[in-house]
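Have a look at the structure below before the remarks.
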Amino acid sequence: MIKYLLRRLAFGVVLVVVVSTLTFFLVFSGGERVAANILGDSASSADIAALTHKLGADRPLLVQYGEWITKAAHGDLGSAWTTTGSVTEILWRRVPVTLSIVGTAVLMMTAISAVLGITAAVLGGWADRLIQVVSVIGFAVPNFWLGLLLIIVFALDLRWLPATGYVTFASSPAAWITSLVLPVTALVLSGIASASQQMRGAVIDALAQDYVRTLSARGIGPASILYRHALRNAMPAALTVLSVQFIALLGGAAIIERVFAIPGLGELTVRSAIVGDVPVLMGVVLTMIVVVVIVNIVIDIINAWVNPKVRLS
Amino acid sequence: MNSSIAPAVRERTSLVRSVLANPTGLVASVILLSLALVIIFAPAIAPFDPVKVQVFKVNAPPDAEFLLGGDGSGRDILSRLIYGARNTVLGALIAVSVAGTLGVTTGLFAGYYGRLIDTIASWISNGLMALPAIIVLLAFFQALGSSIYMSMAVFGVMLSPGFFRLTRNLVQGVKHELYIDAARVSGLSDLRIITQHILLVIRAPVVIQVSIVSGIAIVIQAGLEFLGLGDASLPTWGGMLQNAFDNLYTAPLSAFSSGLAISLTVASLVLLANAIRDRMQRGDAPQRLRHLKVPVPSTSAPAPASADILLEIRDLVVGYPGRDGWVNVVNGVSLSLKRGEIFGLVGESGSGKTQTAFAVLGLLSAGGRILSGSIYFDGQDLTRASPSEMRRLRGRHIAYVPQEPMSNLDPSFRIGYQLVEPMMKVLGISRAQARKRALELLGHVGLADPERVFKSYPHQISGGMAQRVLIAGAVACKPDLLIADEPTTALDVTVQAEVLDLLRNLQAEYGMSIIIVTHNFGVVADMCDMVAVMRNGAVVETNAARELFAAPQHEYTKMLLDSVLEDSKPRTYSAPQEELV
Amino acid sequence: MSSNVLLDCQAVNTRFGSLHVLKDVSFDIRPGETVGLVGESGSGKTTIGRAILGIGPVTSGRIVFKGVDIAGQSPRERKGDATRIQAVFQDPYTSLNPSMTVEDCLVEPMVARGIAGLQEARGRVRALLDQVALPADAAQRFPREFSGGQRQRVAIARALALSPKLIVCDEPVSALDLSTQARVLELFIDLQQRTGVAYLFISHDLAVVRHLAHRVAVMRAGGIVEFGDCDQVTARPSHPYTQRLLLAAPVADPVRQAERRAQFKSLVAGV
């Protein structure tokens, strides 16, 4: 099992290095264009050249990369080009916001889709049809449109919840929760749609195994068969779904933060992409990859724990 | 010679026609077809130039001129919607073409050749899947320029793992099929095998994936445009939503039409994919398990008079729901089994022997029902027993030994646990007592190292050992009746002899009755006191084993016994004429 | 090379990594002869069959077919008569592509080997179906419309399409019902008498092999433990493993089986 986890860890490290390198060469290749972008249409070519030089973007890419990776290894991701402050500081302020949204969404998605999936797998009939409908709707309604509709109905029309903004947990737990309700709802629907469908499939597969009949023949009741045996065997498939959906939710948060004006990583990415703040973009991509790798390793550990074939290999 | 063809299930209607026969498939197809027409004839349909600005129509509500109102810049929303379809669908097509081409080709090669290509391609695919696509597209926005189509091409690359994994897994599943081996032996080249055999198999799943991925691409593209990363000069559905978002407080209604257009299109794509999938999975099976009426048994047969009879089945009919009502797999079976007797239920595939056994256990597969008849076990009619009454009987009084040893042990639990759990439940004994008894049983069924087996997971022991474990589990509560369904079919012949010996010894020791379901007359001759020969869901002949083998009465039994190959006269070799030259 | 030997396996070895699955396997097959290959699961009997067909690896040793060493050559690389080695596999449900009609299945090898054009190959389908006693209207049907025994007939017809000298039959009747099995075996014998094809008949069942084979080889753990005349190996085996194999299989007669069981027990106890 140690070997398996080490292999997964190695994959994670390689992934972080490869992705950050590729991203670096792509985003840093247009330094001059960025300078022009920052200065606006009226800037002279001399001004642009001066700014390009000031940003250090006129040096060979390899030199820039060498400098960036050395500093990054020490936790320094450079300074932002279009705002004041170091990239690391900016990221530190933003990460908790995004994680609180995505984390809440993941928990909700897991709970709801597990209940829906298991119910549909066991009962069939109406529960099955409900899940079909939910999955089509969840897939077809883009989260940002859903966000707009939620704002129109619950904030502008009914005035039950705030339309936009984010309150930290520390300043007011109650306001924190109300500020999360609409964004998380908008974000989580598509996740529930696809995860519940897959959970249903995993449970149906597990219940169709031969050993289920043998366990019944030994006098084990249906509840024990479902909760102890079938769910345990459906876990690896469910964990895979979780890991894929986590990545999807992380991406979805970028748009949702924009809709609800939430100062998270996603909103930062959008703003930096439009103005071309390359060091910040680089930092965001790096952060996201590291988060994904950590989450995947946690999932791998859980998987190894529930799956004896992995654990004993 | 058996030259008659089984009644043909001639259902060669094309995929297209059967998808259209499905109501949701039809609706989805009509919507997508209309969308295609709108795209082609956009200039003819759109009432206005989509970029023409009319200042007094800024955020205007719907009127006779602007049917859906004006947007934040005073442009006709309906016209923009119509032209927007073009640009939105074009972007999706780019993403899907890139993803499909890249994913399917690499998937084919990685799946077929495996090894290094597979390892590298899988790493890249896993890497791509670990990235939130939208973040990557945002990060690359400056480098890619403001053309949304370039972004969609990159997005295609990011979506390609979906196609890659699908294709690779399908190919890996197919390439070990015997028909691929047969094609190779016939001298087909790899390329020909891939294009003629493998593409045939992956065709439909790839079409489904194309449909789903098109939906994803439309949503993501709209998302990028919504964030302001599109070409502002082109009308697109995402761009329209952005415009609506900017004017959310003044004209909230303008957010509906373009969002609805996206949702309708994507929903149609998903429903189309579902319709194709349904058709593929269903094949020739009935549309859905219908809720058929179960006829109420008219009169219940009286319980058997003799206390010596443990099990008496009378006129048992078992049915499964079919296209036109119940299909009876067991059709009027009657048999009776004495205490301490070993009873063989023998027949070819489809004879109903296993279904009869499952009916006694109360464990018919989904949909299966006992339609009439009675099953008296120890004086109680099992056809009238409630599920909980059946549960109390199973394990304690009626036990089961399955055919496939490996798949009948739960892979996630240690063998010890799988023995201890039912014993605690059924016998109501403590964990320590159950553990002690489990270890005794494992030794008793001939396992050399009970401690080790107790602690093992199923994948750590052999098939023969697993079958012994299953037998130990079945006899753990000293049942009155053991039902063994082809208990040695999956085993090697030397292991079979040992397992049959074990069953015989356990029977002698516990005095239980055994029903052995088998197709093998050797096993019957080896084990059974009584035999019933089954065909097409009915018993054709029942007799004591010695009599049945010595003097079979029914033609079918005679035919079966004649088919048994035993002590054939060996053939004498003579070289063929042409080879002697 | 004597013209009286069609196929000669000489000390064939196969290793999968550290697993030594074939150990110096040697036997020969004469033209028009059936050699039975008997063994339990994991004995390597399928592996040697696949090696002969060119779809399984050979680490060392020679497989000589009509004087030419074909070991390690894929079917595609084989030339001349070596292309006339064909196969019939165990599971009739997976050995035919579900999306191809019977005609497509039968035409494919002829076209791939270039022995007939498409039209000509189609013309031969009827004769092939006739040879395996399937009606002519079977050509336009799909495999799922046939029973197991009928599918196995289609698979045999496919093997016959290339006028084979040798057919490797890997458990071709073990998935079939008893009565079907007997009829398919009769077909094998009938075809051999008519066409002079040789069979390597791989099976776990000594009784089936005895019915069909002229000579029998017994495999265990990758090696051949006994190879000889059919009657001798299947009725009076000299190797203790073959004896055990023979006595372990129950016979369909309660009286004789009781004796046989006693013999088996004393044999196992004696070992």
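The values are calculated or read from the model by the stated rules, or taken from the named source; none is laboratory data. Just so it is clear, the model here is predicted, and its values are computed rather than measured. Cβ coordinates were reconstructed from backbone atoms using ideal geometry, including for glycine residues, and neighbour counts include every protein chain displayed. In case anyone asks, the SASA skips ligands and DNA or RNA and just uses the protein heavy atoms, side chains included. Shrake-Rupley method; radii C 1.70, N 1.55, O 1.52, S 1.80 Å.
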Quick check, is B:I471 among the β-branched types (V, I, T), open to solvent by less than 10 Å² (accessible area, probe 1.4 Å) and in contact (Cβ under 8 Å) with a residue 24 or more places away in the chain?
-> yes
Looking only at segment C:153-173, decide whether some residue is more than 8 Å from every other protein chain (Cβ to nearest Cβ), of a type in the set (S, T, N, Q) and at negative phi.
-> no
Over segment B:399-415, the set of residues within 7 Å of chain A (Cβ to nearest Cβ), open to solvent by less than 20 Å² (accessible area, probe 1.4 Å) and in a helix (DSSP H, G or I) is B:N408
Just a yes or no: is a residue in segment B:362-371 touching a residue at least 40 places away in the same chain (Cβ under 8 Å), closer than 19 Å to B:M534 by Cβ, over 23 Å from the mean Cα position of the chain (by Cα) and in a strand (DSSP E or B)?
-> yes
Give me the pairs: first residue in segment B:384-398 and within 12 Å of chain A (Cβ to nearest Cβ), second residue part of a helix (DSSP H, G or I) and polar (S, T, N, Q), beta-carbon distance under 6 Å, and six or more apart or on different chains, which are they?
-> none
Mind listing whichever residues of segment C:150-177 are among the small types (G, A, S), out of contact with any Gly (no Cβ under 7 Å at 6 or more places or on another chain) and over 19 Å from C:T101 (Cβ atoms)?
-> C:S163, C:S174
Those residues of segment C:104-139 which are acidic (D, E) and more than 24 Å from C:A175 (Cβ to Cβ) amount to C:E120, C:D130, C:D137
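Looking at C:L106, C:L96, can you tell me which residue is assigned to a loop (DSSP other than H, G, I, E, B), within 22 Å of B:K175 (Cα to Cα) and open to solvent by less than 10 Å² (accessible area, probe 1.4 Å)? Working first, answer last.
On the way: C:L106 fails: assigned to a loop (DSSP other than H, G, I, E, B).
Matching residue, one of C:L106, C:L96: C:L96.
Each row is one residue, and each column tells you yes or no for (1) polar (S, T, N, Q); (2) surrounded by fewer than 16 Cβ atoms within 10 Å (Cβ to Cβ); (3) assigned to a loop (DSSP other than H, G, I, E, B).
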residue: B:E312; (1), (2), (3): no, no, no
residue: B:L316; (1), (2), (3): no, no, no
residue: B:W326; (1), (2), (3): no, no, no
residue: B:S336; (1), (2), (3): yes, no, no
residue: B:S349; (1), (2), (3): yes, yes, yes
residue: B:A357; (1), (2), (3): no, no, no
residue: B:V360; (1), (2), (3): no, no, no
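Residues A:L148, A:L187, A:L116, A:L130: which one is in a helix (DSSP H, G or I) and free of Cβ contacts under 8 Å to residues at least 40 places away in the same chain?
Values: A:L148 fails: free of Cβ contacts under 8 Å to residues at least 40 places away in the same chain; A:L187 fails: free of Cβ contacts under 8 Å to residues at least 40 places away in the same chain; A:L116 fails: free of Cβ contacts under 8 Å to residues at least 40 places away in the same chain.
The conditions single out A:L130.
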Of (1) in contact with a helix residue (DSSP H, G or I) (Cβ under 6 Å, 6 or more places away or on another chain); (2) over 30 Å from B:R165 (Cβ atoms); (3) away from chain C (no Cβ under 13 Å); (4) open to solvent by less than 30 Å² (accessible area, probe 1.4 Å), B:Q242 satisfies all except one. Which?
-> (4)
In segment B:542-556, is there at least one residue being at negative phi, open to solvent by less than 40 Å² (accessible area, probe 1.4 Å) and away from chain C (no Cβ under 12 Å)?
-> no
Only one of these is more than 9 Å from chain B (Cβ to nearest Cβ) and open to solvent by 20 Å² or more (accessible area, probe 1.4 Å): A:A248, A:A237, A:A304. Name it.
-> A:A237
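Where in segment B:88-182 are there helices (runs of 4 or more DSSP H), lying wholly inside it, with at least 3 residues that are of a type in the set (D, E, K, R) and surrounded by 17 or more Cβ atoms within 10 Å (Cβ to Cβ)? Quick ask: steps written out before the conclusion?
Details: elements: B:115-129, B:133-139, B:141-144, B:148-175.
It comes to B:148-175.
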Inspect all residues belonging to segment B:444-465 and state whether any of them is open to solvent by 20 Å² or more (accessible area, probe 1.4 Å), assigned to a helix (DSSP H, G or I) and closer than 17 Å to B:A508 by Cα.
-> yes
C:S74 vs. criteria within 30 Å of C:K23 (Cβ to Cβ) and either within 12 Å of chain B (Cβ to nearest Cβ) or open to solvent by less than 10 Å² (accessible area, probe 1.4 Å) (or both) = yes
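Out of all the residues in segment C:37-51, is one or more assigned to a strand (DSSP E or B), open to solvent by less than 50 Å² (accessible area, probe 1.4 Å) and assigned by TED's automatic domain parsing to the domain that holds C:A198? Before you say what the answer is, go through the steps one by one.
If we filter segment C:37-51 for residues that are assigned to a strand (DSSP E or B), which is where we start, we get C:37-38.
Pick out the ones that are also open to solvent by less than 50 Å² (accessible area, probe 1.4 Å) and you get C:37-38.
Filter again for assigned by TED's automatic domain parsing to the domain that holds C:A198, leaving C:37-38.
Looking through segment C:37-51, at least one residue is assigned to a strand (DSSP E or B), open to solvent by less than 50 Å² (accessible area, probe 1.4 Å) and assigned by TED's automatic domain parsing to the domain that holds C:A198.
Please find, among B:L191, B:L138, B:L144, the residue that is more than 9 Å from every other protein chain (Cβ to nearest Cβ) and either touching a residue at least 40 places away in the same chain (Cβ under 8 Å) or farther than 27 Å from C:Q152 by Cβ (or both). Give the steps one after another, and end with the answer.
Working: B:L138 fails: more than 9 Å from every other protein chain (Cβ to nearest Cβ); B:L144 fails: more than 9 Å from every other protein chain (Cβ to nearest Cβ).
The match here is B:L191.
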Out of segment A:97-109, which residues are open to solvent by 40 Å² or more (accessible area, probe 1.4 Å) and either farther than 15 Å from A:L180 by Cα or in contact (Cβ under 8 Å) with a residue 24 or more places away in the chain (or both)?
-> A:L99, A:T104, A:M108
Which number in (1) within 14 Å of chain B (Cβ to nearest Cβ); (2) part of a helix (DSSP H, G or I); (3) open to solvent by 30 Å² or more (accessible area, probe 1.4 Å) marks the one condition that A:A174 misses?
-> (1)
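Which residue, of A:I247, A:I220, A:I225, is without any contact (Cβ under 8 Å) to a residue 60 or more places away in the chain, part of a loop (DSSP other than H, G, I, E, B) and of a type outside the set (D, E)? Can you show your working first?
Values: A:I247 fails: part of a loop (DSSP other than H, G, I, E, B); A:I225 fails: part of a loop (DSSP other than H, G, I, E, B).
Exactly one residue qualifies, and that residue is A:I220.
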Any chance you could count how many residues in segment B:32-69 are at pLDDT below 75, surrounded by 15 or more Cβ atoms within 10 Å (Cβ to Cβ) and not in a loop (DSSP other than H, G, I, E, B)?
-> 1
Just one of the numbered conditions (1) over 19 Å from C:V168 (Cα atoms); (2) within 9 Å of chain B (Cβ to nearest Cβ); (3) surrounded by fewer than 21 Cβ atoms within 10 Å (Cβ to Cβ) is not true of C:G117; which one?
-> (2)
Given (1) within 11 Å of chain C (Cβ to nearest Cβ); (2) assigned to a helix (DSSP H, G or I), number of the condition B:L503 does not satisfy | (1)
Only unsatisfied item for A:P263, checking (1) in contact (Cβ under 8 Å) with a residue 12 or more places away in the chain; (2) surrounded by fewer than 19 Cβ atoms within 10 Å (Cβ to Cβ); (3) part of a helix (DSSP H, G or I), is (3)
Expected single match for modelled with pLDDT of 70 or more and open to solvent by less than 80 Å² (accessible area, probe 1.4 Å) among B:S14, B:S18, B:S4 is B:S18
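Can you find even one residue in segment C:16-31 that is facing chain B (nearest Cβ under 10 Å) and either aliphatic (A, V, I, L, M) or assigned to a strand (DSSP E or B) (or both)? Full working, then the answer.
First, the residues of segment C:16-31 that are facing chain B (nearest Cβ under 10 Å): C:30-31.
This time we only want the ones that are either aliphatic (A, V, I, L, M) or assigned to a strand (DSSP E or B) (or both), so: none.
The answer is no; no qualifying residue exists.
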